[in-house]
Amino acid sequence: NPATEQVIAQVAEAGVEDVDVAVRSARKALDGEWGHMKASDRGRLLLKLADLIKRDEEELVMLESLDSGKPVSAIRRQDLPAVIDTLVYYAGMADKINGQVIPARADALTYTVREPVGVVGVIIPWNFPLMIGMWKMAPALACGCTLVVKPAEITPLTALKIGELALEAGFPAGVVNVVPGFGKVAGQALVDHPDVDKVTFTGSPTVGRQILQGAAGNLKRVTLELGGKSANIIFPDADIDAAVKAAGSGIFFNTGQVCSAGSRILAHADIYDEVVERLAARAKSMRIGDPLETSTSMGPLVSEVQMNRVLSYIDIGRGEGARVVTGGARATDKGYYVQPTVFAGVEHEMRVSQEEIFGPVATVIKFKDDDDALRIANGTVYSLAAGVWSADIARVHRFARQLKAGTVWINTYGPTDIRLPWGGARDSGFGREHGDMAIENFTEPKVVWINTGR
Ligand code: NAD
């Protein structure tokens, strides 16, 4: 428990052989009852799983909070409803995965069908274990795949609970396998396994690269959702109140451990001081504390390693000459809490404005005009998300077009919806999750060509 530093559970560690057993069980299930099930029955099972998650909602909220340090209020408000929405959405899609009749030739009936890609390795990060896990599991199951799920080693509890609930819902044995274990052992074994057809991964760019290399062995299909260093750009003609409020939650939500966190706040020179001052006030107003208290708005970082990483970036920022306006230190003696921190006087080239910190650290960067803002916003290796605050309709459309990002938010920051494609490019990875794009991730098109003669 990162809030108390106490051990809350002992979890079995999956080794290479366990992963092999899980993959074989997933392969067997693919060829069994599951493979012959009506698509609408797969949808019904997803709905049943949604019902069981709703029934056990409080237990899942507690497990997720104790394991990750997330405030229960945020899990209740965001993660759990998103998990259920995801299941309901893909339940409805299970029997709408259509092929096409494509009249290619006069002497043939030619059509396509979409078949499940097969055994899918699902590798989940620790920042949204339940929600990101379900973003992958629900569409893969809707498509008829079988799964070997590898939760992050520091947050395995909710994935294990979902495994139990999947069995209770009636998914045949072997359809959902959960292998808690370390990335370098269990994760790597899954990636290297010759009988895994696809890996869907969310995590760091470093591990993303390792996954691509491992997947080369049997040419697995891969989807990578990696990091970000997203720009949230504020112009003087924006509603500054709303912009600063959203900029605060954009970087401090989930203690900054969000791939699309608005970690670079770009403020126009005319309002720079005002934005810094108001953002610092918001940082100070965050209620840091026990994640189990409903009034807590910010919990600890997920682990000691992550806390030390964030603290070391704060030192790096100071060393580079950026100014800590508020925060800048550990918040408590016990628990991995770091004060919400605002850096001003940040230059675009500094490491703190180029590298993903994954903690509650806002860097506020000054820009002089539209071109300057675009240059800075697009000037990192990432390409995941961006936000623009302005009342100028031509400007926001130009930015929507020219920002390099998988999602551009205009006069808002951070919302996602399972119906909308999610993902990025460059060091943010490739491929898109969510919506009907996820169906392409988990199906393989097949052409059937029937010679009919003329
Ligand atoms: P991580 O890459 O260290 O770990 C992610 C998962 O990969 C864990 O389950 C881990 O055990 C596993 N893993 C580690 N090494 C592996 C290997 N060699 N082979 C197979 N699996 C391995 O990332 P993290 O620290 O858990 O998560 C933080 C990172 O995730 C950040 O960089 C963040 O930006 C990114 N992230 C991205 C998104 C997105 O949608 N783009 C969402 C959440 C998090």
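General remarks:
- Residue in segment 172-196 that is nearest to M37 (Cα to Cα), counting only those that are away from the ligand (no atom under 15 Å from the Cβ) and surrounded by fewer than 24 Cβ atoms within 10 Å (Cβ to Cβ): P172
Yes or no, residue by residue, for (1) within 16 Å of the ligand (Cβ to nearest atom); (2) among the polar types (S, T, N, Q):
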| site | (1), (2) |
| --- | --- |
| G359 | yes, no |
| V364 | no, no |
| I376 | no, no |
| V381 | yes, no |
| A400 | no, no |
| L403 | no, no |
| N411 | no, yes |
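- For segment 158-171, the tally of residues that are closer than 26 Å to N1 by Cα, away from the ligand (no atom under 14 Å from the Cβ) and not charged (D, E, K, R) stands at 4.
- Residue pairs meeting the criteria (Cβ under 9 Å; at least 6 apart or on separate chains; first free of Cβ contacts under 8 Å to residues at least 40 places away in the same chain and over 14 Å from E356 (Cβ atoms), in segment 198-218; second polar (S, T, N, Q) and within 7 Å of the ligand (Cβ to nearest atom)): Q210/Q188; G214/Q188
- Residues located in segment 264-280, provided they are hydrophobic (A, V, I, L, M, F, W, C) and assigned to a helix (DSSP H, G or I): A269, I271, V275, V276, L279, A280
- All positions within segment 57-112 that are of a type in the set (S, T, N, Q) and part of a helix (DSSP H, G or I): S65, S68, S73, Q78, T86
- Here segment 250-261 is the region considered, the condition is being small (G, A, S) and within 13 Å of the ligand (Cβ to nearest atom), and the residue that is surrounded by the most Cβ atoms within 10 Å (Cβ to Cβ) is A261.
- Segment 423-451, subset touching a Leu at 6+ places or on another chain (Cβ under 9 Å) and hydrophobic (A, V, I, L, M, F, W, C), residue farthest from A385 (Cα to Cα): I450
- Among (1) more than 9 Å from the ligand (Cβ to nearest atom); (2) at pLDDT 95 or above; (3) surrounded by fewer than 22 Cβ atoms within 10 Å (Cβ to Cβ); (4) of a type in the set (G, A, S), the one test that A231 misses: (3)
- Of the residues making up segment 424-435, those that are touching a residue at least 60 places away in the same chain (Cβ under 8 Å) and either of a type in the set (G, A, S) or exposed (fewer than 15 other Cβ atoms within 10 Å of the Cβ) (or both) are G424, S428, G429, G431.
- Number of residues in segment 263-274 that are more than 21 Å from M307 (Cβ to Cβ) and surrounded by 24 or more Cβ atoms within 10 Å (Cβ to Cβ) equals 4.
- Restricting P445, P421 to residues that are under 22 Å from V222 (Cα atoms), surrounded by fewer than 22 Cβ atoms within 10 Å (Cβ to Cβ), of a type outside the set (K, R) and in contact with a Ser or Thr (Cβ under 7 Å, 6 or more places away or on another chain) narrows the list to P445.
- In segment 120-157, residue farthest from G35 (Cα to Cα) [restricted to those that are more than 9 Å from the ligand (Cβ to nearest atom) and surrounded by fewer than 24 Cβ atoms within 10 Å (Cβ to Cβ)]: L157
- Options A261, A247, A283: the member that is part of a loop (DSSP other than H, G, I, E, B) and either within 30 Å of I124 (Cα to Cα) or of a type in the set (D, E) (or both): A261
- Wholly enclosed strands (runs of 3 or more DSSP E) of segment 311-388 bearing at least 2 residues closer than 26 Å to G203 by Cα: 341-346, 361-367
The values are calculated or read from the model by the stated rules, or taken from the named source; none is laboratory data. Remember, predicted model here, so these are calculated numbers, not experimental data. Counting neighbours? That spans all protein chains shown, and the Cβs are built from the backbone with ideal geometry, glycine included.
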